[in-house]
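The values are calculated or read from the model by the stated rules, or taken from the named source; none is laboratory data. Please read these numbers as outputs of a predicted model, since none were measured by experiment. Quick reminder, even Gly has a Cβ in these numbers, built from the backbone with ideal geometry, and neighbours come from all protein chains shown. To get the accessible areas, we keep the full protein, side chains included, count just its heavy atoms, and leave off ligands, DNA and RNA. Shrake-Rupley method; radii C 1.70, N 1.55, O 1.52, S 1.80 Å.
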Amino acid sequence: IAHGLIMKDRMDARVLGLESLCLLTDPRKTGIVTSILTAHVVLLGSTRGVQIPGVEEDKFTDEGPFQEIRESILNLVQFSRIGEDEELIDGDGDTEKEHLKRLHNLALAVLANSLDCIEYPDRYNVTPEDTKPRARLRTPSSTDVANEFLQQTEDLSKKEILSTLISELGQAAQTPHNAVLSAKCIGSLCRASDEAKKRAKELGAKQVVSTALDVGVRTHWKLET
């Protein structure tokens, strides 16, 4: 359903599709299994490698829609568009511009949620003491997923996702809500991947984070945190 909404031409349908992905990648709202599966769809366009107790691994044989979801999120985060030929509207398209800004923000939120799920897959996977232990959800390591995400993203868009996120964080004074989500993404990637940490340093993340922190201290508690 989320895929169908995102692929529509209508902006309101796309907003609903992305809002549903925000919920699907939040374990507190949808459960650990669904959020982990959706996070892998968003990051890698595939659920292969995620082993659910009692479910065959190749349950999802047609992953074409998953790949289109991943590409849509990536295009919105990096280029503020969904289709390859669909540029950010300017001039007299003020309403469309506002919609695309909303879509860009939602895509960042979906990405931040997904990376958080991958970083801490067991955070919400708690079995009550008065029930029998359940078979655990098995997933690839956060390091493997983060490194594969970084590589696949660059191959697909010809642009580093870390560069995009650091640039977004650098606009903290103008768009603090987007900067908060970018900071969450950068944090998750750097904690999961030594390669991401090294590359972030090379891209000058330290100074950008410091400047964003100053903005947060003055004006935005979540950004400060």
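Structure notes:
- Selection count where residues are under 30 Å from His220 (Cα atoms) and not in a helix (DSSP H, G or I), scope segment 138-173: 6
- Members of segment 151-175 that are open to solvent by less than 30 Å² (accessible area, probe 1.4 Å) and under 27 Å from Val215 (Cβ atoms): Thr153, Ile161, Leu162, Thr164, Leu165, Ile166, Glu168, Leu169, Ala172
- Segment 174-193: number of residues that are in a helix (DSSP H, G or I) and out of contact with any helix residue (DSSP H, G or I) (no Cβ under 8 Å at 6 or more places or on another chain): 1
- Residues located in segment 184-225, provided they are open to solvent by 50 Å² or more (accessible area, probe 1.4 Å), within 22 Å of the chain's Cα centre (by Cα) and polar (S, T, N, Q): Thr225
- The single residue among Leu137, Leu100, Leu111 that is under 14 Å from the mean Cα position of the chain (by Cα), surrounded by 11 or more Cβ atoms within 10 Å (Cβ to Cβ) and modelled with pLDDT of 70 or more turns out to be Leu111.
- Hits in segment 81-97 (condition: open to solvent by 80 Å² or more (accessible area, probe 1.4 Å) and either under 24 Å from Glu68 (Cβ atoms) or at pLDDT 70 or above (or both)): Glu84, Asp85, Glu87, Leu88, Asp94, Thr95
- Within segment 1-27, being open to solvent by 70 Å² or more (accessible area, probe 1.4 Å) and not aliphatic (A, V, I, L, M) holds for Lys8, Asp9, Arg10, Asp12.
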